[in-house]
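Engineer: So that we are looking at the same thing, I have put the structure below in structure tokens.
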Amino acid sequence: RCTKARKECCMPHCCKPSPEPRSDPTSGMSYRFMKNAYSDVIIRSQHFIPASRRSFLLIYKYESTRTYILEGKGCGIVTVVGATSIGIICALFCYILLISIGGLNDPTSDSYIAEPMAVCALAFLLCGPSIGY
């Protein structure tokens, strides 16, 4: 009984239970501090803590977003498709540049690229899985 009173007395305000979902002392508050708050910081020019609360409550409001984002079910497919799409677009853009610039596809030039597909494959790997993910 004394321990419970001491815990409540010494617990910081941010860790005390609040009306927010999933905010009990056993699960902690780390679920709130995620990258989804940065969009609200940029768009509404808020500080990070109120933006994280707002973004969490918006995500928690709908069952589908709660399932995909908070519980982590289904985000893998979207992530793979997004990273692959970014890689393909970058590789295609790289190939168009390599073909259209005269000095890069002329065998007599000093800046000739013998294998443009190898450069495009590198662009795919750098843009898609590395940066896009």
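The values are calculated or read from the model by the stated rules, or taken from the named source; none is laboratory data. If you're wondering where the values come from, they're calculated on a predicted model, not measured in any experiment. Here Cβ is always computed from backbone atoms with ideal geometry, including for glycine, and neighbour counts include all displayed protein chains. Remember, those area values only see protein heavy atoms, side chains included, never the ligands or the DNA or RNA. Shrake-Rupley method; radii C 1.70, N 1.55, O 1.52, S 1.80 Å.
Engineer: Hey, with R₀ at 41 Å, roughly what FRET efficiency would Arg66 and Ser45 work out to, going by the Cβ-Cβ distance, to 0.05?
Structural biologist: 0.95
Engineer: Also, I was wondering about something else. Once a ≥ b ≥ c are taken as the square roots of the eigenvalues of the Cα gyration tensor of segment 79-132, is the result rounded (a/c under 1.5), prolate (a/b larger than b/c) or oblate (a/b not larger than b/c)?
Structural biologist: prolate
Engineer: Using the Karplus curve 6.51 cos²θ - 1.76 cosθ + 1.60 with θ = phi - 60°, work out ³J(HN,Hα) for each residue of segment 101-108 in order, rounded to whole Hz, and write x for Gly and Pro.
Structural biologist: My calculation for segment 101-108 gives 7, x, x, 8, 10, 9, x, 7 Hz in order.
Engineer: Oh, and also: If you count only protein heavy atoms with a 1.4 Å probe, what accessible area per residue comes out for segment 79-132, rounded to a whole Å²?
Structural biologist: Counting only protein heavy atoms, the per-residue value for segment 79-132 is 66 Å².
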